[in-house]
Amino acid sequence: MNEENIINCKIVLLGETSVGKTSIISRYVHNTFDPNSLTTTGASYAYKIIYLEQYNKSIKFEIWDTAGQERYRALTKIFYKNASIAILCYDITKLDTFYEIKNYWFNQVKDNSPNDIIIAIAANKSDLYEIEQVNEEEARNYAKNVGAIFFTTSAMNSSGIEELFKAVGSKFIDPNFCYEDDCDDDKKVNNQNNNNENNDNNSQNENDNNYNNNFKLSNDKNINLKKKKKCCNI
Ligand SMILES: Nc1nc2c(ncn2[C@@H]2O[C@H](COP(=O)(O)OP(=O)(O)OP(=O)(O)O)[C@@H](O)[C@H]2O)c(=O)[nH]1
Ligand SMILES: [Mg+2]
């Protein structure tokens, strides 16, 4: 691939400790999942280049994983102050992690990042729907009201992960990008048949030993069969 035609895009993942930020990145970049993922101290970097066929453009996602523990919040600010995309993650089984998005993370990003930053909310651990504490419709409505892309994800079974990154990448290239039912008809983008985004597997991580290949996905996405969900609101 011609490096000159690749658009760089800085993404930062934010949210409380243990919501699955590191795991989402691990799944997306390396297609691995570690059930014993260690808490992140500081931050780490990985990248992945994808080709978005509908725009005939390639994006290099420069992905920053941050530490969710409260004592790292000042440090974390460094990573979202010049990001193009912020993915705010919560754990659907822990109500307080969603409240912290509403009460802390969203405002922090709005107040400290570029005006045009794209914000997405990842409702992670969707495989644990049986012990869900956060009402999905409430979260979806919240996202819609604040103009954030919303996806349910599971780093464990891969559900929603590719789709999440593809949606934020599309929005980065095309501010009018819209996904599924929440858009005006003229803005709808049919992503269902457009899954050949040609992930080049040009991925690499630096300085992060959390990314070891401890658990290979069995490609079983059937765990998350509770409900067929819409993917996001923009
Ligand atoms: N069941 C399930 N477990 C998950 C999922 N994502 C992450 N986990 C688990 O949740 C725990 C925390 O995951 P991490 O990815 O380390 O969380 P984090 O947000 O990076 O946490 P900090 O680095 O402390 O901020 C680990 O035991 C993961 O294996 C998921 O989608 N489903
Ligand atoms: Mg982490």
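Laboratory data are not the source of any read-out in this text; all were calculated from the coordinates shown. Small disclaimer: the values here were computed from a predicted structure and weren't measured. Cβ: placed from backbone, ideal geometry, glycine included. Neighbour counts: every protein chain shown.
Determine, for Asp91, Asp34, Asp96, the number of other Cβ atoms within 10 Å of each Cβ, and report the residues in order from fewest to most. Mind dumping the intermediate values first?
Values: Asp91 23, Asp34 17, Asp96 12.
Fewest to most other Cβ atoms nearby, the residues stand as Asp96, Asp34, Asp91.
Here the spin labels are modelled as points 7 Å beyond Cα on the Cα-Cβ line, and at Tyr45 and Glu130 they lie 4.2 nm apart.
Taken along the Cα-to-beta-carbon direction at a fixed 7 Å, the label points for Leu95 and Ile7 span 4.1 nm.
So what does the Cα-only Debye profile of the stretch 91-171 read at q = 0.12, 0.21, 0.23 Å⁻¹, as log10 I(q)/I(0), no solvent term? Debye output, listed in q order: -0.34, -1.02, -1.18.
Cβ-to-Cβ counts within 10 Å put Glu138, Glu16 in ascending order as Glu138, Glu16, the fewest first. Projected label points at Asn36 and Arg71, each 7 Å from Cα along the beta carbon direction, are separated by 2.3 nanometres. In percent, rounded to a whole number, the relative contact order of the stretch 3-182 is 23, using alpha-carbon pairs under 8 Å and six or more apart.
Sorting Thr40, Thr66, Thr32 by the number of Cβ atoms found within 10 Å of their own Cβ, with the fewest placed first, yields Thr32, Thr40, Thr66.
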